[in-house]
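First comes the structure, then the notes that go with it.
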DNA sequence: ATTATATGTATGCAGTCTGCATATAAGTCA
DNA sequence: TGACTTATATGCAGACTGCATACATATAAT
């Protein structure tokens, strides 16, 4: 039985499959390392990153950028606050909203979180030569640029990115 | 503050980060499509794929290949059996073990599951030209071949792969 | 054959994560 | 002032998971 895919090229069929396997591998390694080394769930890690990147954010804003409902985000941040990683302050301008920021311990966790994730992805790349890396960079950039729609999906896709490694002006998802 | 990564090349630092973002994107799209279109959790999908690939497997064997504990796998398969997707029969050789196989509906779901995942990854590749695809294939193959350790991690990484697109003799994780 | 051990399944229990519905507080506008 | 919107918080329920344990079956040693 032949499947009805858009791509008829047999080579690309294989490429698409191993691309999916690579995604599984990366997420498995990153998330299990976060859990075991830092006791952070995937969404807790995302919340930490977002509060680190945009101090003063409200819960609502963080929820939108990590792709959770508001109530789920309230609980994620509640747990982080109980652990002393996040500090809540009612904002001056709008007394409804929380103004979130990381404590010193939270900032430390944020750095470790990025190091952990970067350790995984750097290790994957470390066996490639310069030409292979350049080709990979170019292909990934093209994919992200073409397929990620701006707005919510872009934010959610970048929810755990390291902004020291991908500022908005070079992010293939953001760049025009 | 400069971080202490193995890779000092600034270009590779960016590449590693967007590689991580790509993994997030793929897993988000695949898993949310499975959930909304087929009502399958990520691990339920993996169990279906594994039973499809190796009919007659025991629960224990499936657990090992998808990376869950035995008890969690019992429940995943129990739910699939309740839905009529999986059929359990006590094996003849060993009356302790279940011999799992997919029902007709289960096989249909398995095909849809692969089509859904392939739809996501094919779409990502569809904007690349032949040279880019070839370079990507080659880089991903090199990464998987070098970094995935045989045995448990290999099995778990391949837990939702489409064996019509990646037979063991061409799988970069399996080949010597 | 009997007994001890190992293997495969199943289940009680608890903990985490999530979404929906709802309640409360605070801001906005007619 | 009153109606509406926005931001947060919480009760509730459901899904998923691991640990500890119970039970059945197989295997091996005596």
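Pairs of Cα atoms nearer than 8 Å and 6+ residues apart set the relative contact order; for chain A it is 23 percent. Mean partner shielding of peptide A:155-162, defined as the number of other chain Cβ atoms within 10 Å of each residue Cβ, is 5. Modelled label positions at residue B:153 and residue A:82, each set 7 Å beyond Cα in the direction of Cβ, lie 3.4 nm from each other.
Helices in chain A, meaning DSSP H runs of at least 4 residues, each add -39500 (n - 2.57). Divided by all residues, the mean residue ellipticity at 222 nm is -19000 deg cm²/dmol. Taking a temperature of 4 °C and a viscosity of 1.567 mPa s, what whole-number D in µm²/s does Stokes-Einstein yield for the protein assembly as shown with Rh from Kirkwood over alpha carbon pairs? This corresponds to a translational diffusion coefficient of 60 µm²/s.
What's the ranking of B:32-43, B:113-124 by average number of surrounding C-beta atoms within 10 Å, highest first?
B:113-124, B:32-43
For the stretch A:74-174, what does the alpha-carbon gyration tensor say about shape, rounded, prolate or oblate, given a ≥ b ≥ c as the root eigenvalues, a/c under 1.5 as rounded, and a/b over b/c as prolate? Oblate. Helix B:130-147 and the long axis of chain B differ in direction by around 70°, with both axes built from C-alpha atoms.
If you take the Cα centroid of the stretch A:33-105 and the Cα centroid of the stretch A:149-176, the two points sit 19 Å apart. Compared with the dominant principal axis of the Cα atoms in chain A, helix A:104-125 is inclined by about 0°. The average projected area of the stretch B:1-100, computed from the convex hull of its Cα atoms over all directions, is 9.5 nm². Mean sequence separation of contacting Cα pairs (under 8 Å, at least six apart), scaled by the length of the stretch A:1-105, corresponds to a relative contact order of 22 percent. Peptide B:24-34 has a mean of 5 when you count, residue by residue, the C-beta atoms of other protein chains within 10 Å of its C-beta. Distance between the modelled labels on residue A:105 and residue A:145, one decimal in nanometres: 4.4 nm (7 Å Cα→Cβ projection). Counting only alpha carbon atoms, the long axis of helix B:70-82 and the longest principal axis of chain B meet at about 70°. Once the C-beta distance of residue B:138 and residue B:75 is scaled by a Förster radius of 41 Å, the resulting FRET efficiency is 0.50 to the nearest 0.05.
Using the Cβ-Cβ distance between residue A:89 and residue A:53 with R0 = 30 Å, the FRET efficiency computed as 1/(1 + (r/R0)^6) comes to roughly 0.95. Take each residue in B:110-122, count the other chain C-beta atoms within 10 Å of its C-beta, and the mean is 4. How much length is gained on full extension from residue B:174 to residue B:36, taking 0.36 nm per residue of separation minus their Cα-Cα distance? Length difference between fully extended and current span is 46.5 nm.
Every read-out reported here was derived from the displayed coordinates using simple, explicitly stated rules and does not represent laboratory data. These figures come from a predicted structure and were not determined experimentally. Cβ sites come from the backbone with ideal geometry, for glycine too, and all protein chains shown count toward neighbours.
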